[in-house]
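Written out below as structure tokens is the structure these notes cover.
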Amino acid sequence: MSMEEKWDAWSDGTTLRLSRSWTGYEIYRARFAPDGDGWAVTELQVETDPSRHRDTVNHPGQFVMLVNSLLLDEDDTLEQFQRADRGLRARASLEGLSVGDALGAQFFVPDNREHYRSQTVPDGLWQWTDDTQMAAVLTTHLCEHDEVRQDELARGFAAEFDLYRGYGPGAARLLRRVRDGEDWRQLSSELFGGNGSFGNGAAMRVAPLGAWFADRGTHQVVEQAALSAEITHSHAEGIAGAVAVAVAAALAAADEVPPPVELLTQVIAATPPGAVRDGLMDARDLPDSTRPEDAARLLGNGSATTAADTVPICAWLAIHNLSDFPAAFWATASVGGDIDTNCAIVGGIVSGHLGSAAIPTEWRSAREPLPD
């Protein structure tokens with residue numbers, strides 16, 4: 001495909017849209033000049049939505065390189081660019097999830113109670129928990145495969161299992177046995193007396209998946225979230241919790257984000273019937289003026305570590321604080337309960353929307369480095 005054909009295929013008049021779901025940028029009046037071997041982009045004028053924070057905004061030179069690659073590299077394809085774009089979204093979501101998880105976990109430490117009361121951060125290093133470990137495995141898996149391949153993902157979860165990261169007893173037993181070669185399908189279905197797990201563990205790790213599939217449509221988000229959940233959570237409520245968080249993350253990462261009530265309505269429509277969905281409906285009905293602690297009294301705060309007790313409050317908090325990562329974190333931490341998991345879910349949704357640049361630099365520096 002020639003430069004002119006690519007421009008015609010990917011532009012609307014004089015506007016070249018680099019990405020629908022991640023950068024949010026529009027390129028106007030790209031100028032080309034001969035560079036000895038052909039033509040190159042020499043100047044770009046960029047506009048972006050000032051309410052969204054994107055890492056690339058501080059690196060305009062990257063746009064020249066990117067557009068050169070898109071328009072001039074005969075071997076490059078739009079699909080390759082879209083896949084790289086998905087990786088950016090998912091990794092931004094993982095950054096927010098991990099910071100929420102690691103900082104939230106600090107407030108279980110008695111010496112940090114005053115920090116919790118005053119909404120100040122303790123000194124680092126903040127260690128992350130199983131929430132981040134499993135989310136990182138899932139993100140790497142998607143970067144490699146562009147879809148959930150359950151057997152490989154189960155092996156990935158098992159290979160990275162570390163008891164000292166705070167895994168629940170059911171997940172710990174399952175992953176140990178998967179690592180020993182047993183079938184995750186049978187193990188997952190046997191949990192909790194043969195009912196399967198309805199905990200919040202599938203929901204806690206799934207936001208990067210929602211961000212990854214934000215350009216694919218809700219049906220694929222639902223399908224892939226369910227596949228990722230089934231490995232450890234075969235109960236319908238455990239799966240529903242993962243679906244709801246993934247859909248919320250996908251909608252938040254999209255270029256055009258619906259207003260809060262409409263966003264929640266779309267999440268509800270995609271969530272299977274049951275307790276999680278009922279809680280989301282209760283969340284949608286809350287007045288905008290509702291305080292987080294009052295919302296938690298109705299919706300739960302994760303103290304029961306079930307999906308139904310966790311996901312509705314997290315979805316409500318994330319959706320009503322999408323424009324401010326620190327505000328979203330503190331609103332979530334203030335409701336107590338399963339603080340690290342709640343803040344992981346909310347952090348993953350919000351940073352998928354804003355990008356990791358919206359996370360305070362000192363917070364990212366204080367968090368334990370992410371696994372390779």
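The values are calculated or read from the model by the stated rules, or taken from the named source; none is laboratory data. Computed from a predicted structure; not experimentally measured. Here the Cβ positions follow ideal geometry from the backbone for every residue, glycine too, while neighbour counts run over all protein chains shown.
Identify, from the list GLY181, GLY196, the residue that is of a type outside the set (A, V, I, L, M), more than 22 Å from ALA344 (Cα to Cα), touching a residue at least 24 places away in the same chain (Cβ under 8 Å) and not in a helix (DSSP H, G or I).
GLY196
Can you tell which of SER303, SER323, SER356 is small (Gly, Ala, Ser), modelled with pLDDT under 95 and surrounded by fewer than 18 Cβ atoms within 10 Å (Cβ to Cβ)?
Answer to the check: SER323.
From the list PHE198, PHE157, PHE161, which one is in contact with a strand residue (DSSP E or B) (Cβ under 6 Å, 6 or more places away or on another chain), assigned by TED's automatic domain parsing to the domain that holds ALA308 and either at pLDDT 95 or above or small (Gly, Ala, Ser) (or both)? Going through PHE198, PHE157, PHE161 in turn, the sole match is PHE198. The residues of the stretch 277-295 that are outside any loop (DSSP other than H, G, I, E, B) and either within 13 Å of THR332 (Cα to Cα) or touching a Pro at 6+ places or on another chain (Cβ under 7 Å) (or both), listed by number, are GLY279, LEU280, ASP282, ALA283, PRO292, GLU293, ASP294, ALA295.
Here is a check on your reading of the model: is THR265 closer than 17 Å to ILE239 by Cα and assigned to a helix (DSSP H, G or I)? So THR265 fails the test.
Here are some residues: ALA304, ALA328. Which one is of a type in the set (Gly, Ala, Ser) and without any contact (Cβ under 8 Å) to a residue 12 or more places away in the chain? Only one candidate passes the filter, namely ALA304.
Taken together, the residues in the stretch 201-234 that are touching a residue at least 40 places away in the same chain (Cβ under 8 Å) and either closer than 16 Å to ASP130 by Cα or not assigned by TED's automatic domain parsing to the domain that holds CYS343 (or both) amount to 12. Of the residues GLY100, GLY156, the single one that is part of a helix (DSSP H, G or I), without any contact (Cβ under 8 Å) to a residue 40 or more places away in the chain and out of contact with any Lys or Arg (no Cβ under 9 Å at 6 or more places or on another chain) is GLY156. Could you please let me know if LEU298 is in a helix (DSSP H, G or I) and in the same structural domain as GLU230 (by TED's automatic domain parsing)? For LEU298, the condition - in a helix (DSSP H, G or I) and in the same structural domain as GLU230 (by TED's automatic domain parsing) - is met. Only one entry in LEU163, LEU227, LEU209 is at negative phi, under 20 Å from the mean Cα position of the chain (by Cα), of a type in the set (A, V, I, L, M, F, W, C) and surrounded by fewer than 20 Cβ atoms within 10 Å (Cβ to Cβ), namely LEU227. Restricting to the stretch 268-319, what's the tally of residues that are within 22 Å of the chain's Cα centre (by Cα) and among the acidic types (Asp, Glu)? Adding up the residues that qualify gives 1.
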